[in-house]
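So the structure is just underneath, and the comments pick up after that.
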Amino acid sequence: MYTIRFIFVVWIGLAVSAQSEKPLPLDQGVTMFHEGYSEWNAEKMESARTLFSRVADRSPGVYEPFYWRGVAEFFLVLYYGEPESGVEDREAEEVLRKAAQQTLKAAIAINPQDAECRAMLSVLYGRRIAAHPWMAVWLGSELGSLQTAALKNGPDDPRVQYLAGAGCHRAPKPFGNGQKAVEHLRKAGQLFENEQALPPAGRAPRWGFSECFTLLGSLAAEEGDTASARRCYQAALRHNSCYKPAREKLEAMGE
């Protein structure tokens, strides 16, 4: 009898242990997102978004699943909306933009000290203004408030600095500021390099490095500094060998 009870307890313990070792849906989603993001694969990013949504629906007051769902939706907007992707789909972009804005706002409501979701939301507003300049009448001030709060809450966050720089660079006149763009991007580049020197920490975000250095390279090329441009593109590819924009820039330079 004692033997049977002992075997049963051991079996239960092993079952619980196996269950605890099974990757959580949020972990699976983060892994899937990073794969899709690195490969620029919409199907994988959408699969990650689905996993994040399941967790968010079960945990409506928890920040992390909303943050990651917002990240996935943000990059899917870029996937369908940027010419570099070669897969422009304005209808899909619009659906995802609305979803991303809703998700990012929900994440900010849960975590008022958030920085990255504010930065991403400001970029989405900036894209709207770029496509429809008349929207600056009511989106402009909100965009500025989001950027200010993002930089205040995350001054040493490389993704916040990168998105601020990208926003300044791509904003239509009179909202753009080339000098501020360079300042933000250079600071982001240093922060990204510092971050890369640290071991990965769980589900901590690591996106943005290759985009930042490719944009820095493009700005250097515009100034005629081909050596700096080449170093930036090479840095982007060392981080993500699949990053097509950096590779195309290097190939155009004869590399």
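Tabulated results
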| read-out | value |
| --- | --- |
| Exclusive hit being surrounded by fewer than 20 Cβ atoms within 10 Å (Cβ to Cβ), farther than 21 Å from residue 29 by Cα and of a type outside the set (Ser, Thr, Tyr), set 109, 119 | 109 |
| Test for residue 147: is it in a helix (DSSP H, G or I), crowded, with 19+ Cβ neighbours inside 10 Å and without any contact (Cβ under 8 Å) to a residue 40 or more places away in the chain | yes |
| Selection within segment 51-67 - free of Cβ contacts under 8 Å to residues at least 12 places away in the same chain and assigned to a helix (DSSP H, G or I) | 57, 58 |
| Residue match in segment 162-175 (condition: surrounded by fewer than 20 Cβ atoms within 10 Å (Cβ to Cβ) and in contact with a Cys (Cβ under 9 Å, 6 or more places away or on another chain)) | yes |
| Unmet requirement for residue 202, which otherwise passes all of (1) surrounded by fewer than 23 Cβ atoms within 10 Å (Cβ to Cβ); (2) outside any loop (DSSP other than H, G, I, E, B); (3) free of Cβ contacts under 8 Å to residues at least 24 places away in the same chain | (2) |
| Subset of segment 69-119 [farther than 23 Å from residue 242 by Cβ and part of a loop (DSSP other than H, G, I, E, B)] | 111, 112, 113, 114, 115 |
| Meets criteria (at pLDDT 95 or above and touching a Lys or Arg at 6+ places or on another chain (Cβ under 6 Å)) for residue 52 | yes |
| Pair list, Cβ under 9 Å, 6 or more apart: segment 227-248 residue more than 14 Å from residue 215 (Cβ to Cβ), other residue in a loop (DSSP other than H, G, I, E, B) and polar (S, T, N, Q) | 247/241 |
| Wholly within segment 206-254, helices (runs of 4 or more DSSP H) carrying at least 1 residues that are hydroxyl-bearing (Ser, Thr, Tyr), at pLDDT 95 or above and under 24 Å from the mean Cα position of the chain (by Cα) | 209-222, 226-239 |
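One line per residue, one yes/no per condition, for (1) crowded, with 19+ Cβ neighbours inside 10 Å; (2) within 23 Å of residue 40 (Cα to Cα); (3) in contact with a His (Cβ under 7 Å, 6 or more places away or on another chain); (4) among the acidic types (Asp, Glu):
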residue	(1), (2), (3), (4)
65	yes, yes, no, no
87	no, yes, no, no
126	yes, yes, no, no
133	no, no, no, no
156	no, no, no, yes
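Here is a yes/no grid of residues against (1) closer than 22 Å to residue 105 by Cα; (2) within 18 Å of the chain's Cα centre (by Cα):
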| site | (1), (2) |
| --- | --- |
| 144 | yes, no |
| 147 | yes, yes |
| 151 | yes, yes |
| 163 | yes, yes |
| 177 | no, no |
| 185 | no, yes |
| 189 | no, yes |
| 192 | no, yes |
| 203 | yes, yes |
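The values are calculated or read from the model by the stated rules, or taken from the named source; none is laboratory data. Just so it is clear, the model here is predicted, and its values are computed rather than measured. Methodologically, a virtual Cβ is constructed for each residue, glycine included, from the backbone with ideal geometry; neighbour enumeration extends over all protein chains shown.
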